[in-house]
Structures are given as C-alpha cells and as structure tokens.
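Colleague: Quick one: the structure is below, and I'll ask about it shortly.
Taken together, the values in this text are just the output of simple stated rules run on the coordinates, not laboratory data. Given the structure is predicted, the values throughout are model-derived calculations rather than measurements. Cβ sites come from the backbone with ideal geometry, for glycine too, and all protein chains shown count toward neighbours.
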Amino acid sequence: MSYAVKEMFLTLQGEGGQAGRVAVFCRFAGCNLWSGREEDRQSATCRFCDTDFVGTNGIDGGRFETADALADAVSRFWPNSPPQPHEEPLVVFTGGEPLLQLDPPLIEAMHDRGFSIAVESNGTLPAPPGIDWLCISPKAGASLQQTQGMELKLVFPQPDLDPADLTGLDFHHFWLQPMDGPDQQANVQAAIAYCLSHPQWGLSLQTHKLTGIP
Ligand SMILES: C[S@@+](CC[C@H](N)C(=O)[O-])C[C@H]1O[C@@H](n2cnc3c(N)ncnc32)[C@H](O)[C@@H]1O
Ligand SMILES: Nc1nc2[nH]cc(C(=O)O)c2c(=O)[nH]1
Ligand code: SF4
Ligand SMILES: [Mg+2]
C-alpha cells in the first residue's frame, strides 16, 4: 500500500511521558474524526484539533509507494548513521490519524532500521502489533476501540468525556493535557486542580509550544 504523509521533521517529543526525547515526526495526512477543513470543524466529531494534516504538501511530505521508501525517508532524519552508543533512534507516527495508514510492513521496516516506534492515536482503530510506545488520546463522541497501551493522554476538559470513565483502562500512564485554544490558561489551571485531587493523573504540557519548536 502507499502512504500519504503531510510532513516530516526532527524535533523533541513535546508531550506525554517521552517529552524531551529527540524523535523523527512523521505526520500522516487525513483523519477519521475531522476532514481538516475549517468549514467542517463545528460539525466534526473532534472540534479542537490544533494541527493541519490535509494533503501532502508540508515540509518533506509526499506520497511514498512502499514501506521501505517511507522508512528510508524517516531514517535519513536521524543525525547519526549508524546511531552512536546509548542512542535509540525514535520515530513518532502521528497525524491526522496514523492508524489509518500505519501497517505491519512499515512497523517491520522501521524496526529493521533500528528505530523504536511511538504512535499518537485517537484510539478509534485497533493498533497493529509491534508498536513500542502507544499513546491513545480519546475523543468525546468517538467510540474507543484501543483500550490498552503505554499512555492515555486526555485533552482536558472535554465536557462529554469524564476522566473518571477512563481510569480502569490498561495504560501505564494517565495524563491530562490542557486543551489549547481561547481558554488555554483556564484549562491549565483546571487540569492541575484535577490532578492534585485525582493523583492517578499527571499533567502533560505541550512543551514544544512553550519553546517554539515544531
Ligand atoms: C493532532 S493529534 C494527532 C494524533 C491523533 N489523531 C490523536 O488525536 O491522538 C496529536 C495530539 O494532539 C492532541 N491535541 C489536538 N488538539 C489539541 C489541542 N487543541 N490542545 C491540546 N492537545 C491537542 C491530540 O489529542 C493528540 O494527543
Ligand atoms: N514537538 C512535538 N511534539 C508532539 N507530540 C505530539 C505531537 C503531535 O502533533 O502529534 C507533537 C508535535 O506536533 N510536536
Ligand atoms: S483525532 Fe487527532 S488529528 Fe483528528 S481532528 Fe482530532 S486531534 Fe486532530
Ligand atoms: Mg502537534
């Protein structure tokens, strides 16, 4: 199968339990919860998205005809080849919704090149086996299919999605990530207050936005 990629870049993971790690980001085009067009936002299932994932016209985006071609393109972003001792190359597949496109051949091709694989998903599709760090970020009004992984990262607050309804799921880490947008500062304070009274939850800040990196 071929892959539609919006953009690729080397940066620091900004969010969740791996924040601060160097990673190649591969952002797939397309999502199943929003078309990505502003005129559709208010009728979409997911209405607060902070990301442009439409098309393949971003920096180093494009169409890749094979898993090997995409894996080679991702690998070229890693600064050292071969990786130095104590270095663990990391790719983060995000989107859009990466589980619309990430498949076993691409997972195998990245592992063959020595990469660990992290994924940022909305959890509406089952994850293929072999993902090393799976982050699921449930969305109100979307049925959650993937209920197991490394971290659950809930954008907070979502009026129709109570964190208490997620606490029994099979994840190692539970994060509240303040919703960016007009109420961002109030959302940070609300997330902190919720964590302090429900310590199963920790705070995930979008640190790349604080530092101004992609
Ligand atoms: C753009 S999404 C792409 C991956 C996948 N579609 C998902 O929603 O998890 C990447 C991450 O950003 C989060 N996110 C999107 N919009 C946000 C916002 N306005 N404020 C905070 N986090 C946001 C998502 O919940 C997800 O954890
Ligand atoms: N630096 C950085 N970290 C991120 N973590 C998750 C992101 C995403 O858009 O999925 C993201 C992103 O866009 N940039
Ligand atoms: S599910 Fe993810 S990519 Fe899709 S619209 Fe929501 S935040 Fe954006
Ligand atoms: Mg982002």
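Colleague: Could you check, for segment 33-52, whether at least one of its residues is in contact with a strand residue (DSSP E or B) (Cβ under 6 Å, 6 or more places away or on another chain) and not β-branched (Val, Ile, Thr)?
Modeller: No, segment 33-52 contains no residue that is in contact with a strand residue (DSSP E or B) (Cβ under 6 Å, 6 or more places away or on another chain) and not β-branched (Val, Ile, Thr).
Colleague: Check whether at least one residue in segment 69-89 is within 16 Å of ligand 1 (Cβ to nearest atom) and touching a Lys or Arg at 6+ places or on another chain (Cβ under 9 Å), and report yes or no.
Modeller: Scanning segment 69-89 turns up no residue that is within 16 Å of ligand 1 (Cβ to nearest atom) and touching a Lys or Arg at 6+ places or on another chain (Cβ under 9 Å).
Colleague: What tally of residues in segment 119-148 results from selecting those that are more than 11 Å from ligand 1 (Cβ to nearest atom), under 30 Å from Pro82 (Cβ atoms) and touching an Asp or Glu at 6+ places or on another chain (Cβ under 9 Å)?
Modeller: Selection size over segment 119-148: 3.
Colleague: Restricting to strands (runs of 3 or more DSSP E) lying wholly in segment 101-186: which have 1 or more residues that are more than 13 Å from the chain's Cα centre (by Cα) and away from ligand 3 (no atom under 16 Å from the Cβ)?
Modeller: Of the strands (runs of 3 or more DSSP E) lying wholly inside segment 101-186, those with at least 1 residues that are more than 13 Å from the chain's Cα centre (by Cα) and away from ligand 3 (no atom under 16 Å from the Cβ) span 116-121, 148-156, 170-178.
Results for (1) crowded, with 22+ Cβ neighbours inside 10 Å; (2) within 17 Å of Lys153 (Cβ to Cβ), shown as yes or no for each residue.
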site	(1), (2)
Met8	no, no
Thr11	no, no
Gly20	no, yes
Cys26	yes, no
Ala29	yes, no
Trp34	yes, no
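Colleague: Within segment 10-28, work out how many residues are farther than 13 Å from His208 by Cα and near ligand 2 (Cβ under 9 Å from one of its atoms).
Modeller: 1
Colleague: Being surrounded by 21 or more Cβ atoms within 10 Å (Cβ to Cβ), of a type in the set (Gly, Ala, Ser), more than 25 Å from Ile192 (Cα to Cα) and touching a residue at least 24 places away in the same chain (Cβ under 8 Å): is that true of Gly96 here? Break it down into steps so the answer makes sense when it comes.
Modeller: On the way: surrounded by 21 or more Cβ atoms within 10 Å (Cβ to Cβ): yes; of a type in the set (Gly, Ala, Ser): yes; more than 25 Å from Ile192 (Cα to Cα): yes; touching a residue at least 24 places away in the same chain (Cβ under 8 Å): yes.
Considered against the rule, which asks whether it is surrounded by 21 or more Cβ atoms within 10 Å (Cβ to Cβ), of a type in the set (Gly, Ala, Ser), more than 25 Å from Ile192 (Cα to Cα) and touching a residue at least 24 places away in the same chain (Cβ under 8 Å), Gly96 comes out as yes.
Colleague: Considering only residues that are within 22 Å of Met150 (Cβ to Cβ) and away from ligand 1 (no atom under 13 Å from the Cβ), which ones fall in segment 24-51?
Modeller: Val24
Colleague: Taking only segment 162-181 into account, find how many residues are hydrophobic (A, V, I, L, M, F, W, C) and within 11 Å of ligand 1 (Cβ to nearest atom).
Modeller: Count: 3.
Colleague: From (1) touching a Gly at 6+ places or on another chain (Cβ under 9 Å); (2) within 16 Å of ligand 2 (Cβ to nearest atom); (3) farther than 24 Å from Val22 by Cβ, pick out the condition that doesn't hold for Leu154.
Modeller: (1)
Colleague: Say whether the condition of being away from ligand 3 (no atom under 16 Å from the Cβ), surrounded by fewer than 16 Cβ atoms within 10 Å (Cβ to Cβ) and closer than 15 Å to Arg113 by Cβ is met by at least one residue in segment 85-92. Steps first, answer last, please.
Modeller: As a first pass, look at segment 85-92 and keep what is away from ligand 3 (no atom under 16 Å from the Cβ): 85-91.
Filter once more, keeping what is surrounded by fewer than 16 Cβ atoms within 10 Å (Cβ to Cβ): 85-88.
Next, only the ones that are closer than 15 Å to Arg113 by Cβ stay: 87-88.
So far as segment 85-92 goes, yes, one or more of its residues are away from ligand 3 (no atom under 16 Å from the Cβ), surrounded by fewer than 16 Cβ atoms within 10 Å (Cβ to Cβ) and closer than 15 Å to Arg113 by Cβ.
Colleague: Next up: Sort through Thr94, Thr45, Thr11 and tell me the only one that's within 13 Å of the chain's Cα centre (by Cα) and of a type in the set (Ser, Thr, Tyr).
Modeller: Thr94
Colleague: Checking Ile213 against (1) outside any loop (DSSP other than H, G, I, E, B); (2) touching a residue at least 12 places away in the same chain (Cβ under 8 Å), only one condition comes out false. Which one?
Modeller: So the condition that Ile213 fails would be (1).
Colleague: Considering each of Glu97, Glu39, Glu87, Glu120 in turn, give the residue that is within 30 Å of Pro157 (Cβ to Cβ), more than 16 Å from ligand 4 (Cβ to nearest atom) and among the acidic types (Asp, Glu).
Modeller: Within the list Glu97, Glu39, Glu87, Glu120, the selection yields Glu39.
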